[in-house]
1. How big is the shadow of the Cα convex hull of segment 181-254, averaged over all directions, in nm²?
2. Enter the Cα centre distance for the pair segment 199-235 and segment 271-285, rounded to the nearest angstrom.
3. Mind checking the per residue accessible area of segment 151-292 for me, 1.4 Å probe, whole number of Å²?
4. Which one, 223, 159, 180, is farthest towards the positive end of the dipole of segment 151-292 when Lys and Arg carry +1 and Asp and Glu -1 on their Cβ?
5. What spacing in nm lies between the two simple spin-label points modelled at residue 436 and residue 166, each 7 Å away from Cα in the Cβ direction?
6. Order 274, 341 by their accessible area, 1.4 angstrom probe, all chains in place, largest first.
7. Could you tell me what percent of the accessible area of segment 151-292 is made up of carbon and sulfur, with a 1.4 Å probe and every protein chain present?
8. Please work out how much length the chain gains when fully extended from residue 112 to residue 295, using 0.36 nm per residue of separation minus the C-alpha to C-alpha distance, in nm with one decimal.
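The values are calculated or read from the model by the stated rules, or taken from the named source; none is laboratory data. All values reported here derive from a predicted model rather than from experimental measurement. So basically every Cβ, Gly included, is an ideal-geometry build from the backbone, and we count neighbours across all protein chains shown. These accessible areas exclude ligands, DNA and RNA; they are computed on the full protein's heavy atoms, side chains included. Shrake-Rupley method; radii C 1.70, N 1.55, O 1.52, S 1.80 Å.
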Amino acid sequence: PENEETQRRPESERSFQNASNGRIDVDHVITRKMQLIAEAEQLKPVFMKEVDSHFTEFVNSLVAKSALLDSSSPASLFPASCAEKELHKAKNSRAPPEHGKIFTSRRSLLDELFEVSHIRTIYHMFIALLIVFILSTLLVDFIDEGRLVLGFDLLVFVFGKFPVVFCTWLCMFSATVVIPYNLFVWWAQGYCSSSHRVVRSLFYGMLFTLFQIVGLGIGPTYVAISYALPPASRFIVILEQVRLVMKAHSFIRENVPRVLSSGKDKPSTAHIPRLSQYLYFLFAPTLIYRDNYPRNPTIRWGYVATKFAQVLGSLFYAYYIFVRLCIPQFRNSSQETFNLRGLVLCIFNSILPGVLILFLVFFAFLHCWLNAFAEMLRFADRMFYKDWWNSTSYANYYRTWNVVVHDWLYYYAYRDFLWFFGKKFRAAAMLSVFTVSAAVHEYVLSICFGFFYPVLFCLFTCFGVVFNFTLNDRRKGPFWNVIMWTSLFLGQGVIICLYSQEWYARQYCPTENPTFLDYLKPRSWSCHTKM
């Protein structure tokens with residue numbers, strides 16, 4: 001049998017079976033094994049690339065077929081009891097519905113990547129860096145004070161006046177539950193039977209707009225300013241304000257066209273979502289309304305606890321970043337005379353804390369916070385972001401960094417702009433979306449910091465627009481990914497540096513009885529002269 005087995009072996013194996021005196025040629029075996037490993041390593045990326053390509057084509061084809069199937073019979077989605085003329089108007093009154101967002105069951109990208117030990121090691125490195133920050137703070141405080149200082153004065157300050165924040169949020173949320181839903185129900189129930197449909201629609205539309213501007217717009221802003229809420233508390237109020245405004249708009253925008261297509265003689269057939277569906281949407285981690293979403297069968301409470309623990313850990317991480325990297329630098333630099341060298345050093349010294357804060361905001365909010373609420377609500381579509389870190393263009397970065405907000409801007413700002421003005425104005429539509437997004441970002445920062453310093457607005461509308469059109473999707477390759485990361489690092493350094501200088505300038509150089517112009521004029525430009 002041994003002879004027969006030897007005959008069946010390939011020539012390549014028999015060639016090094018025996019060497020002198022019948023001993024195995026170990027060097028030859030090792031060399032052959034290394035060659036096989038090298039060949040396998042060369043084939044692995046090609047194989048994975050082919051698998052990824054075919055899988056992507058398969059998924060895209062599946063999604064396209066699903067969208068085509070959903071849009072193939074629009075008549076079956078709405079009762080055909082209105083007159084043909086009204087139905088024709090209804091179809092032309094909104095953007096094509098077949099191109100709406102399709103929700104499907106899928107995991108978040110980081111949850112999949114953390115199953116790979118190499119990626120999980122990067123996560124462990126960030127935890128190790130947090131431990132180093134904690135040890136550094138404790139040791140420095142022990143040397144300076146002679147004892148361990150375990151107070152978190154900064155966190156207590158920035159999250160102060162929490163009862164006011166909770167009451168404000170409760171009023172905002174309750175008003176958003178009651179007013180938009182009831183306005184829509186009252187309008188929808190009498191629309192088809194009304195003889196003055198345009199007047200009725202304008203009346204209820206004005207009431208809804210008034211609620212958006214006064215109830216959700218001016219009210220929370222007035223509370224944040226009049227009660228002098230600290231920065232983090234203001235962020236909670238203002239970000240909830242923006243979220244509820246976008247949610248209410250999506251609810252009305254998605255349901256009004258369906259009522260316009262409902263029956264004329266049978267008002268009861270008008271599609272009116274249940275209050276429970278609207279309430280679920282207000283908590284769901286999406287800004288696009290649907291009557292139903294894909295749901296998971298169970299809730300993993302251990303997963304929820306882990307995500308909230310990671311959010312809490314990220315808050316402490318940000319605390320130590322500001323305590324060790326930001327406050328010592330800007331507390332001293334704000335008292336120095338302004339010069340170009342100091343500004344350049346400030347920007348480059350701010351890159352590291354700026355990038356770490358960027359990562360923490362992404363991880364804590366877009367991954368942990370949204371996944372925790374999605375798990376509690378059994379919300380199955382977890383694509384809150386895509387692989388933005390692989391972007392080779394700013395156009396792709398804007399689409400993948402925050403998919404939740406991008407979907408809202410795309411369907412309700414960009415597409416509606418094209419529907420209203422025509423598809424020839426794509427550049428104008430894109431520019432308008434950039435302007436709206438930059439204005440909202442700057443509004444949030446201005447209210448939360450207590451001063452107007454349009455650094456982010458200028459970066460967004462100037463460099464952001466230029467990079468979006470120059471570093472577009474035609475730019476491929478690692479070089480462009482390096483360019484994207486380099487500009488992103490510099491932008492974070494500029495933001496952290498200039499906003500921190502302005503914050504401390506307003507602490508060191510306060511004005512008595514400030515006017516409205518004092519809130520608009522940068523204080524950091526003149527504070528050094530006064531000091």
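1. Numbers: hull surface 20.9 nm².
For segment 181-254, the mean projected area of the Cα convex hull comes to 5.2 nm².
2. What the calculation gives is 21 Å, centre to centre.
3. Working: 6690 Å² over 142 residues.
Per residue, segment 151-292 has 47 Å² of solvent-accessible surface.
4. 180
5. So the label points at residue 436 and residue 166 sit 3.5 nm apart.
6. Details: 274 140, 341 170 Å².
Correct descending sequence by accessible area is 341, 274.
7. Numbers: 4920 of 6690 Å².
Heavy-atom surface of segment 151-292 belonging to carbon and sulfur, 1.4 Å probe: 74 percent.
8. Details: separation 183, 0.36 × 183 = 65.88 nm, distance 1.88 nm.
Residue separation times 0.36 nm, minus the Cα-Cα distance, leaves 64.0 nm.
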